[in-house]
Amino acid sequence: MNDASRSHDQTVIELLREDPSFADEYLAAALDEVGESDGREALLSALRHIAEAQGMAAIAGRAGIKR
């Protein structure tokens, strides 16, 4: 699949897989938008992208909760 045919979501998920530390910056940017009109959607989208990139089990484990 070439870059032109990838969706924004696919591109972000790939970036998050390649650089897990990017998740911190990505989530912080989404949190900054929470007060704006589409902030809630931005936060939920960021959380979904991170979960898809890193896996729910790994995220739940780091959070100390069951998946």
Next on the checklist: Need the failing condition index for Ala57 against (1) within 14 Å of the chain's Cα centre (by Cα); (2) at pLDDT 85 or above; (3) among the aliphatic types (A, V, I, L, M), just the number.
Outcome noted: (1)
Checklist outcome for this item: Listed by first then second residue, the pairs whose first member lies in region 1-30 and is on the phi < 0 side of the Ramachandran plot, whose partner is part of a helix (DSSP H, G or I) and among the charged types (D, E, K, R), with beta carbons under 6 Å and at least 6 positions apart or on separate chains, are Ile13/Glu52
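Scanning for something in contact (Cβ under 8 Å) with a residue 40 or more places away in the chain and loosely packed, with under 14 Cβ neighbours inside 10 Å, does region 39-46 turn up at least one residue?
No: region 39-46 contains no residue that is in contact (Cβ under 8 Å) with a residue 40 or more places away in the chain and loosely packed, with under 14 Cβ neighbours inside 10 Å.
Tell me which residues, restricted to region 16-41, are farther than 17 Å from Ile59 by Cα and either of a type in the set (A, V, I, L, M) or in a loop (DSSP other than H, G, I, E, B) (or both).
Those that are farther than 17 Å from Ile59 by Cα and either of a type in the set (A, V, I, L, M) or in a loop (DSSP other than H, G, I, E, B) (or both): Ala29, Ala30, Leu31, Glu33, Val34, Gly35, Glu36, Ser37, Asp38.
The values are calculated or read from the model by the stated rules, or taken from the named source; none is laboratory data. Note that the structure is a prediction, hence the values are computed from the model and not measured. Methodologically, a virtual Cβ is constructed for each residue, glycine included, from the backbone with ideal geometry; neighbour enumeration extends over all protein chains shown.
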